[in-house]
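> Next up is a structure, given as structure tokens.
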């Protein structure tokens, strides 16, 4: 779910999954999404009731009969607020498709609608469905005017030919047509089960409540999406870059090797996981290593199969040009927010050569060559999406 702040991404996630993803105390207080929210849904279709009988329950809403399970889908509710763009960029790296949510009661495009569409463009996410939300708040004429604004906004972008589905998330209006459109336009991709397993860590947790006795402590949990291969309970995995520690006054990053103690997918315990959807890996790691997303941005794979850990990177980059956005040439010593995979870190420019920039990273990353990178730079009091590049 991507789109401008307060356009209804979290409400739509709830309409499709039954789960309200804003659970962090600050999110509830401010009414916005700060961390990436997760929710799983099962899509069903009633063959008896025909073409538009789609839903999220095995009981058909039209006839009350049993519907057929189509597939399970995992949703990520990405923050829309401009200052939280790096979280959104991190989320984009584990997507197979996107719902771009645009409110019908505001002029299109709004700032984050524009920036989120650029992120999808930069990261090559082509399977997009546009959701025109809040149609219950406008007249049919205003809804049509907004529809034309959306079509104009999408021209020349990766979503130019994307379907636009009008809905009301709060009243769950037209959700069946939206599910049908998702089924038609965002297919489950094919994955090679024999490839070396690789997972982006998007979240990491300490699942223990305060005051839990040492004998009852559970190990740290890793959350994310497997992008290739398979993982089984009992497999040894490597986590890179891992944890940083001081050795003879020097900061050294050491990978972690641990066994998969438990696996979860779709809210259920499983013995094996494959690509597609969000998974949880239970480990016997000290939970202090995984609490508060400490390992977010790391890569998981079989020991010895992961790319190198990088503290310095070279990028071939392009700066974005758009109306009303002053984006001058990069300068030596300038800090940039670098997002690659689910990793987000600060990089300081140490060398500029043509369209290449060399960065010294504050926090090491583990990434493949040719990986796509999003760059944000400080504009006044905010970090703004300013460019993109490719790791050399």
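The values are calculated or read from the model by the stated rules, or taken from the named source; none is laboratory data. For clarity, every value in this text was computed on a predicted model and none was experimentally measured. Glycine gets a Cβ as well: all are built from the backbone with ideal geometry, and neighbour counts include every protein chain shown.
> Could you tell me which of the residues 84, 28, 76 is assigned to a strand (DSSP E or B) and modelled with pLDDT under 85?
On the way: 84 fails: assigned to a strand (DSSP E or B); 28 fails: assigned to a strand (DSSP E or B).
Checking each option against the conditions leaves just 76.
> Looking at (1) surrounded by 15 or more Cβ atoms within 10 Å (Cβ to Cβ); (2) in a helix (DSSP H, G or I); (3) over 22 Å from the mean Cα position of the chain (by Cα), which is the only condition residue 141 fails?
(1)
> Could you count how many residues in the range 255-282 are modelled with pLDDT under 90 and either more than 20 Å from the chain's Cα centre (by Cα) or part of a strand (DSSP E or B) (or both)? Steps first, answer last, please.
Within the range 255-282, the first condition is being modelled with pLDDT under 90, and the residues that meet it are 265-268, 274-279.
From what's left, either more than 20 Å from the chain's Cα centre (by Cα) or part of a strand (DSSP E or B) (or both): 265, 268, 279.
Residues in the range 255-282 being modelled with pLDDT under 90 and either more than 20 Å from the chain's Cα centre (by Cα) or part of a strand (DSSP E or B) (or both): 3 in total.
> Can you pull out the residues in the range 10-21 that are crowded, with 24+ Cβ neighbours inside 10 Å and either at pLDDT below 85 or not assigned by TED's automatic domain parsing to the domain that holds residue 105 (or both)?
10
> Tell me, yes or no, whether the range 180-194 has at least one residue that is surrounded by 13 or more Cβ atoms within 10 Å (Cβ to Cβ), assigned to a strand (DSSP E or B), at pLDDT 90 or above and touching a strand residue (DSSP E or B) at 6+ places or on another chain (Cβ under 8 Å).
no
> In addition: Among the listed residues 295, 285, 306, which satisfies the condition of being assigned to a loop (DSSP other than H, G, I, E, B), over 23 Å from the mean Cα position of the chain (by Cα) and within 27 Å of residue 229 (Cα to Cα)? Talk me through it step by step, then tell me what you get.
Details: 295 fails: over 23 Å from the mean Cα position of the chain (by Cα); 306 fails: over 23 Å from the mean Cα position of the chain (by Cα).
285 is the lone residue from the list that is assigned to a loop (DSSP other than H, G, I, E, B), over 23 Å from the mean Cα position of the chain (by Cα) and within 27 Å of residue 229 (Cα to Cα).
> Return the residue satisfying two criteria in turn: it lies in the range 371-385 and is modelled with pLDDT of 85 or more and over 19 Å from the mean Cα position of the chain (by Cα), and of such residues it is surrounded by the fewest Cβ atoms within 10 Å (Cβ to Cβ).
378
> Next question, about the same structure. Please go through the range 213-238 and give me each residue that is over 26 Å from the mean Cα position of the chain (by Cα), part of a loop (DSSP other than H, G, I, E, B) and closer than 17 Å to residue 289 by Cα, ordered by number.
217, 218
> Continuing with the same structure: Identify the residue in the range 331-360 that is surrounded by fewer than 18 Cβ atoms within 10 Å (Cβ to Cβ) and in contact (Cβ under 8 Å) with a residue 40 or more places away in the chain and, among all such residues, is farthest from residue 251 (Cα to Cα).
So, considering only residues that are surrounded by fewer than 18 Cβ atoms within 10 Å (Cβ to Cβ) and in contact (Cβ under 8 Å) with a residue 40 or more places away in the chain, the one farthest from residue 251 (Cα to Cα) is 356.
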